[in-house]
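Okay, structure first, notes after.
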Amino acid sequence: MNEYFHYQQDRLYAENAALDDIAQRFGTPCYVYSHAALTDGYRQFAEAFKSREHLICYAVKANSNIAILNLFARLGAGFDIVSGGELQRVLAAGGAANKVVFSGVGKSEAEMRQALEAEILCFNVESPSELDRLNAVAGSMGKVAAISLRVNPDVDAKTHPYISTGLKQNKFGVAYTEAFELYRKAAAMPHLRVTGMDCHIGSQLTEVSPFIAAAEKVLALTDRLAAAGIVLEHLDLGGGLGIRYDDETPPSIAEYAQALLGVLQGRSEKIIVEPGRVLVGNAGVLLTRIEYLKHGEEKNFAIVDAAMNDLMRPALYDAYHAILPLQKRGLEKQFYEVVGPICETGDFIGHGREMAVDKGDALAVMSAGAYGMSMSSNYNTRPRAAEVMVDGAVAHLIRERETVRQLYAAEKIVA
Ligand code: LLP
């Protein structure tokens, strides 16, 4: 819980809107975001970096609803994208192409063309063959592509192995030891313009030290390049700042920024950061309703109407999300396995949660704003959830619940 999601007389609110009213009005499962939480998170970042030229490129993959992209765009954000689809969303949401950086290990020719056409700020190139492809595509269009190399600093992010990206064994970026030569090669390519360096070491980091270690490596390489006549305009230090789901104690945005700015003291490059989770994670919850309480021999189950297709993080990473009742009740507390209706043992939202609840009660799965809706699927032909943005006491529907007909609309029966 935080100031944006709080109890008032035993009812859980998002800002000034009671979540049980929202569950009634829009149905469940339903994602609810706080406009104030999103705005405050972005403003904290902007404030923390204001002492120097910077660009906050929100990592679209964390939550790509166009209402959220539009809100960040209006606050001045740029965007970190990893697909042509995300670029299209950013533009549809009113984002500025010249504030977009394009990350990802597998950019297709079509995606490169689309991004060059839109005139994005920079491609974060992740391999020698991607350099060749980008040079060729830009050449065929008579354009010059601005590039950074994403260097892999071989720093341990000390996070879940599935979301750690800065180690030698990971598929991301170019090896630190090879980056210098590759920069020389890139600088000699006619349709590329070397403008920066990029690194991103992982997600849900709860300490500043790996960020510092990575930044120091980036700076050392930047200096070697400058000595060889390749002068960079910007340094992109990636995203990855963690949030509190349970009892983690990640650095605040201000502490994270302070630490980075310390390392960057006396440097003139523009700073880019790519935060995702920290801007949206604790700004959103997933509402779900208990369909059944089932008392098994060993365990009690609360079977809810949200499932792993709606929120994949528990099944995929064994991730913890707090689960709170929308109405506190004076019932006896019991321990429950909170599970969805999908036919997989891994379909759970939470294990062994102590709750005073009854059938029909609605719950909020907390900290679900990042990598919740954006990783959802239609497994078991389950339409994806509705999304709502609360602003003060007003709830705006920002994505309608999918219909089953939409799910098979593009399919064809073979005669
Ligand atoms: N930049 C790049 C190049 C990235 O790959 C990512 C995330 C970010 C920025 C944003 O990182 P953030 O600030 O959100 O940590 N699905 C996982 C997280 C995967 C993160 C992938 N890359 C989860 O639910 O925990």
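No value in this document is a laboratory result; all are computed from the given coordinates. Treat the numbers as computed from the prediction; the structure is a model and nothing was measured. Heads up, the Cβs are rebuilt from the backbone with ideal geometry, glycines too, and the neighbour counts pull from every protein chain shown.
Look at where the Cα atoms of the range 146-206 and of the range 371-414 average out, and the two centres are 35 Å apart. For the chain, the calculated P(r), taken from all Cα-Cα distances in 20 Å bins from zero up to the bin holding the longest distance, is 26, 53, 20, 1 percent. One Cα centroid belongs to the range 256-287, the other to the range 21-63; the line between them spans 13 Å. The value of relative contact order for the range 104-273, using C-alpha pairs under 8 Å at least six residues apart, is 20 percent.
Annotation: amide H of Ile342 within the under-5 Å range of Met308, sequence separation 5 or more or interchain, hydrogens built in the peptide plane. Could you work out how far helix 253-264 tilts from the main Cα principal axis of the chain, as a 0 to 90 degree angle to the nearest 10? Value to nearest ten degrees: 10. 3J(HN,Hα) along the range 114-119: 4, 6, 5, 4, 6, 6 Hz, from the Karplus curve 6.51 cos²θ - 1.76 cosθ + 1.60 with θ = phi - 60°, whole Hz, x for Gly and Pro. When only alpha carbons are used to place a centre, the range 82-117 and the range 321-364 end up 40 Å from one another. Working note: Karplus 6.51/-1.76/1.60 with θ = phi - 60° gives the range 15-29 the couplings 6, 9, 10, 6, 5, 5, 5, 5, 4, 5, 6, 9, x, 10, x Hz, where Gly and Pro are set to x. For Gly238, the residues whose amide H sits under 5 Å from its own are Cys199, Glu274, ignoring neighbours fewer than 5 places away on the same chain, with H placed 1.01 Å from N.
Loop exposure criterion: GluC sites (Glu not before Pro), DSSP state outside H, G, I, E and B, at most 16 other Cβ atoms within 10 Å. Applied to the chain, the longest stretch between such sites is 120-206. Near Asn124, the amide H atoms lying under 5 Å from its own belong to Phe102, Ser103, Ser148; only residues 5 or more places off or on other chains count, and H is placed 1.01 Å from N. Within the same chain, lysines fewer than 8 places from Lys217 are excluded, and of the rest, those with a Cα less than 24 Å from its Cα are Lys50, Lys158, Lys168, Lys171, Lys185, Lys270. Mind checking which of Ala370, Ala227, Ala393 has the largest fluctuation in a GNM of the chain, springs on alpha carbons under 10 Å? Greatest mean-square fluctuation among the candidates belongs to Ala227. Go ahead and set up a Gaussian network model of the chain, Cα springs under 10 Å, then flag whichever of Leu192, Leu19, Leu331 fluctuates most. Judging by the Gaussian network model, the answer is Leu331.
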